[in-house]
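Notes follow the structure.
The values are calculated or read from the model by the stated rules, or taken from the named source; none is laboratory data. Just so it is clear, the model here is predicted, and its values are computed rather than measured. Backbone-built Cβ (ideal geometry, glycine too); neighbour counts: all protein chains shown.
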Amino acid sequence: MTTTTTITLRLRRGLAAGVAGALALTGATLVASPESGITSRAEAAAECSTDQSSTEFGGAAISQTYANLFNTSTPAASYLTDFVPQGLGVWENWAGGSSTEDLFLVGMHHENENDNRSLLYGMTTSGTVRGYARLPIGSHAGGVKVHNGWVYVQHDNSRILRYPVSRIRQAFTDSSTRELDWGAATNTVSSVSFFDIDGGYLYGGYHNPIARGHMLRYQIMSDGNLVRDQAYGPIQIPMKAQGLLALSNTWIFSTSLGRDYRGNVYVIRRGYPAGADFTTVPYRCFQSVAMIQELVGFNGRTYLLNESGADEFANGRIHNIRNLHVADTETLRGLVW
């Protein structure tokens with residue numbers, strides 16, 4: 001059953017006037033999105049704004065909140081014939097030396113990932129592809145991040161691959177070295193569909209399509225290896241989570257499931273303990289375009305990848321997004337602070 005609830009929230013002082021109108025938190029009407037498969041009262045449906053009053057990005061209407069916060073950014077339309085975008089990262093000064101060029105790294109699984117190599121490619125902030133590498137067969141590439149000289153790529157829910165940046169640079173610039181092996185020995189992980197890195201820790205979240213998922217934390221050792229922090233979590237995260245941006249005091253999650261359903265963006269204060277319902281802390285949820293995937297923060301902005309542009313989803317998709325979407329990170333954070 002879908003329940004419509006009117007709630008009153010305080011409008012945070014300092015939001016830009018142009019955004020405040022759409023985000024007006026005082027007297028905002030929010031719709032509780034049903035979360036099937038819930039097993040306890042603590043996992044009751046979260047409140048998400050679903051006004052569906054904007055068609056800014058084409059296709060099915062979405063919330064005006066998303067349209068006001070996010071804009072179309074860098075084209076991300078490469079390799080969509082056979083591959084599906086999943087992971088998004090940033091590689092600063094990718095060529096090394098005196099170069100100052102930064103790249104977005106896009107992880108893509110093959111439409112038949114169990115029989116074909118996946119793809120990792122780098123593009124400039126204007127969308128020009130600088131190179132690509134072929135990941136091992138079966139790599140879902142649900143998370144891609146660069147940290148302390150290593151490129152981390154999710155393979156499956158129990159493995160994260162790790163490559164020196166020099167190896168990825170070689171693959172991008174030498175066509176005879178495109179194919180990557182399994183990389184450096186990295187400890188196995190547990191239920192990591194996507195991840196982000198913050199403060200020397202890797203936070204790995206689990207995509208659960210029928211109930212709220214969970215997230216664990218791994219310490220990144222001096223050699224780049226990952227060691228589970230047994231004292232942390234698991235903490236609860238939104239249902240259908242696909243990506244995470246970890247800020248110092250805030251989580252930003254992207255959630256989606258299926259080509260014909262709109263997604264959601266969640267902004268949640270960090271700090272709730274293991275076993276607690278995340279809705280016990282201030283949070284904000286609003287509807288997005290369909291099929292949103294991983295997030296990355298860069299230069300004060302939050303970039304969001306979408307998989308709907310892949311040819312795999314041409315039949316039945318309600319959106320066809322072939323660009324990154326971008327929002328001001330502090331404005332997003334300000335929704336809960």
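List of remarks:
- In the set (1) in a loop (DSSP other than H, G, I, E, B); (2) in contact with a strand residue (DSSP E or B) (Cβ under 6 Å, 6 or more places away or on another chain); (3) of a type in the set (Val, Ile, Thr); (4) farther than 20 Å from residue 91 by Cβ, the condition left unmet by residue 186 is number (4).
- Condition met for residue 211 (more than 30 Å from residue 288 (Cβ to Cβ) and in contact with a helix residue (DSSP H, G or I) (Cβ under 7 Å, 6 or more places away or on another chain)): no
- Near pairs, Cβ below 7 angstrom, 6+ apart or cross-chain, from the range 166-191 (at positive phi) to any residue that is of a type in the set (A, V, I, L, M): 183/161
- Exactly one residue out of 271, 258, 300 is surrounded by fewer than 22 Cβ atoms within 10 Å (Cβ to Cβ), out of contact with any Gly (no Cβ under 6 Å at 6 or more places or on another chain) and under 19 Å from residue 202 (Cβ atoms), and it is 271.
- On the stretch given as the range 65-98, residues that are surrounded by fewer than 24 Cβ atoms within 10 Å (Cβ to Cβ) and in a strand (DSSP E or B) total 7.
- Yes/no for residue 167 being in contact with a strand residue (DSSP E or B) (Cβ under 6 Å, 6 or more places away or on another chain) and either assigned to a loop (DSSP other than H, G, I, E, B) or not hydroxyl-bearing (Ser, Thr, Tyr) (or both): no
- Among residues of the range 314-325 that are closer than 19 Å to residue 111 by Cβ, those with a Cβ under 7 angstrom from a residue that is basic (Lys, Arg) and buried (at least 18 other Cβ atoms within 10 Å of the Cβ), sequence gap 6+ or separate chain, pair up as 316/259; 317/259.
- For first residues located in the range 64-92 and farther than 17 Å from residue 292 by Cβ, partners that are among the basic types (Lys, Arg) and in a loop (DSSP other than H, G, I, E, B) and lie 6+ apart or on another chain with Cβ distances below 8 Å do not occur.
- In this entry, residue 193 is excluded by the filter for residues that are at pLDDT 95 or above and surrounded by fewer than 20 Cβ atoms within 10 Å (Cβ to Cβ).
- Those strands (runs of 3 or more DSSP E) lying entirely in the range 205-266 with at least 1 residues more than 16 Å from the chain's Cα centre (by Cα): 212-220, 226-228, 235-239
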